[in-house]
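Below are the structure tokens for one structure; questions will follow.
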Amino acid sequence: AIGEALAARLANPGPDTPVKLFGGNLEVPAAILGQWYLLWGMAYNGNGRVPIGLLTGPWGQPQNRAEKYMEPAPVAMWAAARLGQNDAATVGALIDSLGRSGDPAWLDGDRVGALTALTDRRFAYDFAAWRAWWASGH
């Protein structure tokens, strides 16, 4: 019930009030920070479902001096892996996102880590191999 409640809360928009983090070096809307906490709660609780949109949303944060980012995608990938969310929609969305233009290169490392944990496949950064495996019916 807790995981379902946390997942349901993810669907509700939070406040746009800015929150300063990392000694004031980063400012993010409270809604994004709330998503992080909800995803962490689901992952550690072991229940819930990560919405596909949080796994695949466009990257929107510019590089910052602290090299800290609060976009939901990295924590959503980790949470999906921790929850064992290995359904076709999740795995397919992660594979489709590999190498996406406009995303920081390190984000593909998070995708590869989640895919490896969810599928037990070891294709590393060979995106063509991930896509071929998926297209073959896995």
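The values are calculated or read from the model by the stated rules, or taken from the named source; none is laboratory data. Here the structure is a predicted model, which is why all the values come from computation and not from measurement. Because the Cβ atoms are built from the backbone with ideal geometry, glycine has one as well, and the counts that use them run over all protein chains shown. Heavy atoms of the whole protein, side chains included, go into the accessibility calculation; ligands, DNA and RNA do not. Shrake-Rupley method; radii C 1.70, N 1.55, O 1.52, S 1.80 Å.
Checking P13 against (1) in a loop (DSSP other than H, G, I, E, B); (2) more than 30 Å from W133 (Cα to Cα); (3) open to solvent by less than 80 Å² (accessible area, probe 1.4 Å); (4) free of Cβ contacts under 8 Å to residues at least 24 places away in the same chain: exactly one of these is not met. Which one?
Evaluating P13 over (1) in a loop (DSSP other than H, G, I, E, B); (2) more than 30 Å from W133 (Cα to Cα); (3) open to solvent by less than 80 Å² (accessible area, probe 1.4 Å); (4) free of Cβ contacts under 8 Å to residues at least 24 places away in the same chain leaves (3) as the failure.
From the residues in region 20-53 that are hydrophobic (A, V, I, L, M, F, W, C) and open to solvent by 40 Å² or more (accessible area, probe 1.4 Å), which one is nearest to V91 (Cα to Cα)?
Going through the qualifying residues, I end up with I52.
Restricting attention to region 16-36, and to residues there that are touching a strand residue (DSSP E or B) at 6+ places or on another chain (Cβ under 7 Å) and assigned to a helix (DSSP H, G or I), which single residue is farthest from P104 (Cα to Cα)?
Of everything passing the filter in region 16-36, A30 is farthest from P104 (Cα to Cα).
Listed residues L94, L39, L107, L6; which is in contact with a helix residue (DSSP H, G or I) (Cβ under 9 Å, 6 or more places away or on another chain), part of a helix (DSSP H, G or I), of a type outside the set (K, R) and at pLDDT below 90? Write out each step before concluding.
Numbers: L94 fails: at pLDDT below 90; L39 fails: at pLDDT below 90; L107 fails: at pLDDT below 90.
Of L94, L39, L107, L6, the one residue that is in contact with a helix residue (DSSP H, G or I) (Cβ under 9 Å, 6 or more places away or on another chain), part of a helix (DSSP H, G or I), of a type outside the set (K, R) and at pLDDT below 90 is L6.
Follow-up question, since we're still on this one. Of everything in region 66-91, what is at positive phi and either in contact with a helix residue (DSSP H, G or I) (Cβ under 9 Å, 6 or more places away or on another chain) or touching a residue at least 12 places away in the same chain (Cβ under 8 Å) (or both)? Give them in sequence order.
Step one: list which residues in region 66-91 are at positive phi, which gives 67, 84.
Passing the criteria: only G84.
Right, something else. Would you say W78 is under 23 Å from W133 (Cβ atoms), open to solvent by 30 Å² or more (accessible area, probe 1.4 Å) and not charged (D, E, K, R)?
Criteria met by W78.
Here is a follow-up. Can you tell me which residue is most open to solvent (accessible area, probe 1.4 Å) among those in region 97-129 that are among the hydrophobic types (A, V, I, L, M, F, W, C) and more than 16 Å from A80 (Cβ to Cβ)?
Out of the qualifying residues, it is W106.
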